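One structure is given here, and the rest of the page talks about it.
Quick note: the coordinates plus some simple rules give every number you see, no bench work behind them. None of these values were measured; they are calculated from a predicted model. Cβ sites come from the backbone with ideal geometry, for glycine too, and all protein chains shown count toward neighbours.
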Amino acid sequence: MKVQAQHLRALTTLFSGASPLRKVAAGVLLLGALAGAIWPSAASHADAGQIEGVVVGVADGDTITVLDGSRQQHKVRFAFIDAPEKAQPFGTKAKQVLSDKLYRQQVRVEVLEQDRYGRNVGRIWLGDEDVNLGQLRAGYAWHYQQYARKGQSAQEFRLYEQTQQAAQQQRQGLWYDAAPVPPWDFRRQRRAGQ
């Protein structure tokens with residue numbers, strides 16, 4: 001079982017002077033992690049957790065920082081989408097659109113996993129709005145099919161695809177450009193020194 005920082009915090013909470021409610025929540029988180037270790041196939045479909053808090057930072061069009069109720073900051077990468085890098089055309093605009101929508105707003109994050117950089121990867125909700133899908137609708141992200149295939153239901157995958165296609169047809173956001181470069185290609189070209 002891979003022990004994550006949230007598991008260590010939960011364990012600490014169990015043996016601290018925290019309120020009974022927080023201890024129960026910590027116990028549930030640890031039981032979920034244990035169940036995931038015992039039944040990995042069930043864990044792959046279960047949420048890795050949830051974060052609720054205020055957005056205190058927007059790094060780019062698909063990465064935010066959320067400050068939770070215990071004043072802990074969580075770096076969150078949006079699941080299923082990939083926005084233009086800041087150095088790409090529409091990268092600054094994608095960040096601005098997201099910032100205008102989320103900065104200082106209360107959000108809920110369905111955490112699906114942690115990436116190799118230690119960021120939480122998840123779906124962001126502003127009330128009942130799926131913000132990840134909203135970035136696609138506005139034309140400031142691509143549906144990141146390579147990663148979406150492993151975590152999205154077939155129905156949700158189709159919805160994200162249809163939303164991207166509608167943005168393309170309407171030439172929304174980055175689709176105004178005749179041949180926008182996907183961020184994964186942009187990153188690969190930069191690593192190759194082109």
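Observations on the model:
- Of the chymotrypsin sites (Phe, Trp or Tyr not before Pro) in region 80-120, the ones in a loop by DSSP (not H, G, I, E or B) with at most 10 other beta carbons within 10 Å are Tyr117.
- Take the Cα radius of gyration of region 39-183 and divide it by 2.2 N^0.38 Å, N being the number of residues; the result is 1.01.
- Maximal additional length on extending the Arg149-Arg104 stretch stands at 13.1 nm, based on 0.36 nm per residue less the C-alpha distance.
- Estimated FRET transfer efficiency when R0 is 30 angstrom, pair Lys75-Glu129 (beta carbons, to 0.05): 0.90
- Net lengthening on full extension, Arg158/Val181 (0.36 nm per residue, minus Cα-Cα): 6.1 nm
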